[in-house]
Structures are given as structure tokens and as C-alpha cells.
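Engineer: Handing you this structure, nothing more for now.
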Amino acid sequence: LAALELRKLGLKLLGLSHALLALGFATLAVPLALSARATACTLALEGAALVWLGLRQQRKLPRWIGYAMQGAAGFAFAYGFDIPTDATPILNGQFFSAILIALGGGITAWLLFRAARNAQMTTVFLLWTWGWWWLACARDIDRFAPVHRASGFAVAVIAITAAFGAFVYRRLDWIEAAWPTFVALVAAIPLVLITALDNGGPLESWAGAAWLLWLASMLFAVRAPSARRHALLDIAQALLLWVVDLCVSAEFACAAEQHLHLSPLWITLAGLVPTTLMFWL
């Protein structure tokens, strides 16, 4: 009816009224007809669409309804979160539901950034996006990864997130998108110790591949041409250097203990070799 009134009859006010009624009834129908996970996905994407519509029409009401619908999507997901269903990593309903909520938040953040670069809601939805992305990955790691490999998967996740954030920053000159790079640098410090305990050394087994991926993503981030204009680049480079040193030092110490079976004094000296070389260089 709204389409007929807007396109054929020229009744703009009545057509918009019926369109809003249709949207309201469609939104109410979703939780009545679908599961909690499907409701979360639908509300998240519908909320992003409403934000786009509100920005296009320069109206606040659709935007705030879109924000609220994405909050409702998070609530709907949490309502059905503890229900064990699929037994396949990544290709399961809980992972994709959380990813679609993150996608809706990411689209919203990008729309707000494009419309007003200093919008506070942009930061809110960026944090919302990262939170749901990390929740989805952490949930699957907890459910499916072997205990001794969980920390390696966590390193890989923060590396991929940092690389994607640096890519968005490079393409759009969107500084807030590069924040996961600093999160990856700071989170790497405890993860070095955790991977060392889980694998008998941070570079042992598959953890070594995860740390190589982390190093590649960090080099990609700090060597981006747009990053050279940022005041925190020196801090990022210093953190990168010290994390690499900590990782290699931990590996040397673990190798001295686990493979060479040396005394505690020699284990300590082996752990200090990379730091000594770094100062010498």
C-alpha cells in the first residue's frame, strides 16, 4: 500500500505513514516467527538500514530507532547464547549470528563516519563491532580449539583484526579503525607468556605460525604511509620491538629448559641473549 501511494498516487505523507507501519509490523513479526539467533541477525541488519535511511533523509528518529534495534539484536542474541547447537567451528549459527551483529555495527559506524567524521556514535559502534567480533571468535575458540592451542588462535585473531583495521585506516584515513593495532600490541605481552606455557615455548608448534602472522600484520600496520603522520607511531614501533624481543627471549629460555635441560642460571642467561643482542645492535 505504501509503494502504491508513493509511486502511483503521489500521497507522500500517507505513503510514509504506511511505510513506517509496515516496518513496525515486520519488526514485531521477527521475534514471533524466528529463533533468537535469526532475530538478532535480522534486527542488526534492519537497524543498519534504518541508520542509512535516517542519514539519507537527514532525520534523527530513524537513526535512533536503528541504534535501538541493534541493541535489541544484542539482547536477542544473549537470550539464546547458551543454547548448544551446531558442532562445527566457524560454520555454526552462533558464530554467524554474532558476526552479522558485528557487520551491522560496522556498517553503521562507517555510515556515521562518512556523514560526520567527529560523531561520537561512530566510536560507540566501532567498539560495538569489535566487541561482537571478538566475542564470536572467543566463543568458537573456547568451544572447539584444543586447550594447548587456544592461545595461538587468540594471537591469530588479534593479528587478523589489527591487519584489517590498518587496511581500513589506510584506505579511508579513519584513525579510529587502527585502534585494534594498539590492542594487538598490548595484548601480545601476556599472550607471549600464555603461549609459552601452553606450548613449551611461544614459537613451538602452531603457536609459531600464529606469531609470524602477528608480526606480519604489525609490520603492515606500522609501515602504512598514512601511519607515518600519526603521533603514536613511535610508541607502536617501540612496543613492536619489545614484544618481538620478549617472544624470542621466552623461546630461548624455554628451549634451554625443555630441550637442553640446563640449570636455572643458564636458562636465565639464555633468555637474556635476545635483549643483549638488541642493545648491542
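The values are calculated or read from the model by the stated rules, or taken from the named source; none is laboratory data. The shown structure was predicted, so the numbers you read here are calculated from the model rather than taken from an experiment. Heads up, the Cβs are rebuilt from the backbone with ideal geometry, glycines too, and the neighbour counts pull from every protein chain shown. For accessibility, only protein heavy atoms count, side chains too; no ligands or nucleic acids. Shrake-Rupley method; radii C 1.70, N 1.55, O 1.52, S 1.80 Å.
Engineer: Would you say D234 is open to solvent by less than 20 Å² (accessible area, probe 1.4 Å) and charged (D, E, K, R)?
Structural biologist: It is false that D234 is open to solvent by less than 20 Å² (accessible area, probe 1.4 Å) and charged (D, E, K, R).
Engineer: Quick check on my filter: what residues within region 146-158 are farther than 17 Å from L127 by Cα and in contact with a helix residue (DSSP H, G or I) (Cβ under 7 Å, 6 or more places away or on another chain)?
Structural biologist: H148, R149, A150, S151, G152, F153, A154, V155, A156
Engineer: Across region 5-23, what is the total count of residues that are part of a helix (DSSP H, G or I) and either over 20 Å from R63 (Cβ atoms) or in contact with a His (Cβ under 9 Å, 6 or more places away or on another chain) (or both)?
Structural biologist: 10
Engineer: Is one or more of the residues making up region 81-92 within 18 Å of W128 (Cβ to Cβ) and either open to solvent by 20 Å² or more (accessible area, probe 1.4 Å) or not hydroxyl-bearing (S, T, Y) (or both)?
Structural biologist: Looking through region 81-92, at least one residue is within 18 Å of W128 (Cβ to Cβ) and either open to solvent by 20 Å² or more (accessible area, probe 1.4 Å) or not hydroxyl-bearing (S, T, Y) (or both).
Engineer: Condition check: at pLDDT 80 or above, among the hydrophobic types (A, V, I, L, M, F, W, C) and either in a helix (DSSP H, G or I) or open to solvent by 70 Å² or more (accessible area, probe 1.4 Å) (or both). Does L32 satisfy that?
Structural biologist: no
Engineer: A further question follows. Starting from region 6-29, take each residue that is on the phi < 0 side of the Ramachandran plot and of a type in the set (D, E) and list its partners that are assigned to a helix (DSSP H, G or I) and open to solvent by 50 Å² or more (accessible area, probe 1.4 Å), counting only C-beta distances under 8 angstrom and pairs at least six apart or across chains.
Structural biologist: Taking only residues 6 or more apart or on different chains, not a single pair turns up.
Engineer: Now for a separate question. Considering only residues that are over 17 Å from G105 (Cα atoms) and crowded, with 16+ Cβ neighbours inside 10 Å, which ones fall in region 36-64?
Structural biologist: Of everything in region 36-64, just one residue is over 17 Å from G105 (Cα atoms) and crowded, with 16+ Cβ neighbours inside 10 Å, namely A36.
Engineer: Tell me whether region 16-28 contains one or more residues that are open to solvent by 50 Å² or more (accessible area, probe 1.4 Å) and within 15 Å of L112 (Cβ to Cβ).
Structural biologist: no
Engineer: Turning to a different aspect of this structure: Among the numbered criteria (1) under 21 Å from the mean Cα position of the chain (by Cα); (2) open to solvent by 50 Å² or more (accessible area, probe 1.4 Å); (3) closer than 21 Å to V124 by Cβ, which single criterion is violated by Y67?
Structural biologist: Condition (2) is where Y67 drops out.
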